[in-house]
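In what follows, a single structure is set out as structure tokens and then discussed.
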Amino acid sequence: MECSNIIDEAIAQSYPDKKDLILNHLHCRWFMYLISQKNPNIELVKANFDAIQNPNHISNNFRHYNDKEKIFQALTEQKELLCTSEDSIAKFDEIIRRYKPDPTTP
């Protein structure tokens with residue numbers, strides 16, 4: 001996370017008005033990438049999940065990630081690790097809602 005913190009700081013300095021939105025998108029992307037790995041780094045998964053400030057601001061193109069089922073499964077496998085407070089449970093529930101596979105969609 002040391003590199004992530006450096007990137008976060010650079011974004012905050014370069015884009016002070018948009019830093020929250022940019023950092024939220026960045027950590028959402030990193031989080032989804034990390035949990036989709038065969039052997040995810042749990043420490044990085046947790047750190048990036050914690051850095052997501054607003055799961056409602058997940059960019060549309062990433063929300064429609066091609067392998068929703070894989071993301072959904074990875075999320076449910078990490079639920080105990082990620083859900084440590086009421087806020088994290090609410091965040092988890094919102095992310096899960098966005099990635100739950102829709103059986104009516106081909």
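Bear in mind these aren't lab numbers, they're just calculated from the coordinates by the rules spelled out. Given the structure is predicted, the values throughout are model-derived calculations rather than measurements. Cβ: placed from backbone, ideal geometry, glycine included. Neighbour counts: every protein chain shown.
Our coupling estimate for region 26-43, obtained by passing each phi through the Karplus curve with A = 6.51, B = -1.76, C = 1.60 and θ = phi - 60°, is 4, 5, 4, 5, 4, 4, 5, 4, 4, 6, 7, 6, 4, 10, x, 7, 4, 4 Hz, Gly and Pro reported as x. The phi-based Karplus calculation (6.51 cos²θ - 1.76 cosθ + 1.60; θ = phi - 60°) puts the 3J(HN,Hα) values of region 86-92 at 4, 5, 5, 5, 4, 5, 4 Hz, whole numbers, x for Gly and Pro.
Given points 7 Å out from each Cα along the Cα-Cβ axis, report the Gln53 to Arg97 separation in nanometres with one decimal. Modelled inter-label distance: 2.1 nm. Net length available on complete extension from Cys3 to Phe72 is 22.1 nm, with 0.36 nm assigned per residue and the Cα-Cα distance removed. The phi-based Karplus calculation (6.51 cos²θ - 1.76 cosθ + 1.60; θ = phi - 60°) puts the 3J(HN,Hα) values of region 13-22 at 6, 7, 9, x, 6, 10, 4, 4, 5, 4 Hz, whole numbers, x for Gly and Pro.
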